[in-house]
Amino acid sequence: LNQVGLDPSEWRITNVKARGGHYGDPSSPNSQIRLELSVVPLLPAGFKLPEPKDWKPLPKPKKRKGKGPETAVILSDQHCPHIDETCHRLICQWLREEQPDRLHVNGDLLDFSTISRHRQRDGYAQSVNDCLQSGFDTLRDYRDACPNARITLLRGNHCERIEHALIDNLKELHRITAADDDTPALSLEKLLHLDLLHVEYIDEAWDRAKTLIGKRLTVRHGFATGQNVGGKMLSKLAGSNVQGHTHRLSLTYRTHHTMRDDEPTETRLAAEVPCLCRIDDGLGYMNGEADWQQGALMVKTWPDNDFAVSPVLYLPGRLLLPDGRRYDG
């Protein structure tokens, strides 16, 4: 390992293949042996779980009371530890006042740039530990702000990098569990202390995982990119859908004429959730200026499953609500 520039303390040999042969004069042949080694990186020194510090876990959320419309908030693409701190503080201030019934953390809570296939850039090489600790702190702030909300967490493609790293390099540790425990020890559910935070975790691949608001609106991290994302969603997906992933804010509606007497038209929605990460440098992934927006979506759902979606827009230093409220940072 030393001869090829690898530190033996950071790598483990998992497989050895040897091949031999002879060549030259048969009466006095030369011999050679070729060794092929398969190696995988060991977990980095100092790898640890995020610490709850002095935070005392809150009681289990109380069940919702009342028969009026339910309020849900969709937050996406924090890319911790690259979350926009001022935006985050104002979002939490709003959540504290709004007290939504449901909170959807819609993928890419974590960035994990150091275990990415992308080349690392200056300022964007924080460790796995840094990402986990920042992600836990963010979820803890959400829970402190709205202690009775039902919080749901989906993975995003960035969040899934830790699982891909395990599968590619430490397959034996993928989905490993502690004795008498069904939850994988290196899953986000464990690494982020989701049990302490009372956060429901959707343990499915990022491009398939989804949740529902009411019965007519599906929330997913998303897979559509490029131009006319709303149109692509409306063409490929049934019903109304919300996705993150693009770091953009848009609402696209399409009306279908059903010719039914009970409901002659059906209006479908495709919405993009803005991001909550810093956008000044495109997280080091973009060439040029990132055409990203920051903020959230708020959904009101009535008992008969009618719903209305409203944008919550963050501009530098202020959070703008559709009802006229503004939070200044």
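The values are calculated or read from the model by the stated rules, or taken from the named source; none is laboratory data. Remember, predicted model here, so these are calculated numbers, not experimental data. Neighbour counts run over all protein chains shown; Cβ positions are idealised from the backbone, glycine included. Each accessible area value is taken on the protein alone, full model and side chains, heavy atoms only, with ligands, DNA and RNA left out. Shrake-Rupley method; radii C 1.70, N 1.55, O 1.52, S 1.80 Å.
The local environment of ARG318, defined by Cβ-Cβ distances under 13 Å, has a net charge of +1 under the rule Lys, Arg +1 and Asp, Glu -1.
Phi angles of the stretch 206-217 translate, via the Karplus equation with coefficients 6.51, -1.76, 1.60 and θ = phi - 60°, into HN-Hα couplings of 4, 8, 10, 5, 7, 9, 10, 10, x, 10, 10, 10 Hz per residue; Gly and Pro are given as x. According to the calculation over all Cα-Cα pairs in the chain, the P(r) per 20 Å bin from zero is 27, 50, 16, 5, 1 %. Beyond 21 Å in Cα-Cα separation lie the following of the pairs LYS215/LYS236; LYS60/LYS210; LYS63/LYS300; LYS62/LYS190; LYS65/LYS300; LYS62/LYS210: LYS60/LYS210; LYS62/LYS190; LYS62/LYS210.
In this structure LYS210 has an accessible area near 110 Å², from a 1.4 Å probe over the protein heavy atoms. For the stretch 165-312, the Kirkwood radius over C-alpha pairs fed into Stokes-Einstein at 20 °C and 1.002 mPa s yields D = 118 µm² per second.
Three principal axis extents describe the C-alpha atoms of the stretch 75-219; from largest down they are 45, 41, 30 Å. Per residue, the chain exposes 55 Å² of solvent-accessible protein surface, assessed with a 1.4 angstrom probe and all protein chains in place.
For LYS17, the lysines whose Cα falls under 24 Å of its own Cα, not counting residues fewer than eight places away in the same chain, are LYS171.
Accessible area ranking (1.4 Å probe, heavy atoms, ligands and nucleic acids excluded), largest first, for ILE74, ILE279: ILE279, ILE74.
Return the carbon/sulfur percentage of the accessible area of the chain, one whole number, probe 1.4 Å, all protein chains in place. Answer for the chain is 48 percent, counting heavy atoms of protein chains only.
Its DSSP H runs of at least 4 residues, each contributing -39,500 (n - 2.57), put the calculated 222 nm mean residue ellipticity of the chain at -5000 deg cm²/dmol, to the nearest 500.
Sequence-ordered 3J(HN,Hα) estimates for the stretch 221-231 from the Karplus curve with 6.51, -1.76 and 1.60 and θ = phi - 60° stand at 5, x, 9, 6, 9, x, 7, 6, 4, x, x Hz, glycine and proline given as x. Taking amide H positions as modeled 1.01 Å from N, with prolines and chain starts lacking one, no residue 5 or more places away or on another chain lies under 5 Å from VAL199. GNM, the chain, Cα, under 10 Å: largest mean-square fluctuation among GLU272, GLU289, GLU163? Greatest mean-square fluctuation among the candidates belongs to GLU289. Principal-axis analysis of the Cα atoms of the chain puts helix 85-98 at an angle of about 40° to the longest axis.
Rounded to the nearest whole Hz, the Karplus-based 3J(HN,Hα) values (6.51 cos²θ - 1.76 cosθ + 1.60, θ = phi - 60°) of the stretch 303-318 follow the sequence x, 8, 6, 5, 8, 9, 10, 10, x, 10, 9, 9, 10, x, x, 8, with x at glycine and proline. In the complete set of protein chains, residue-level accessible area for VAL199 is approximately 20 Å², probe 1.4 angstrom.
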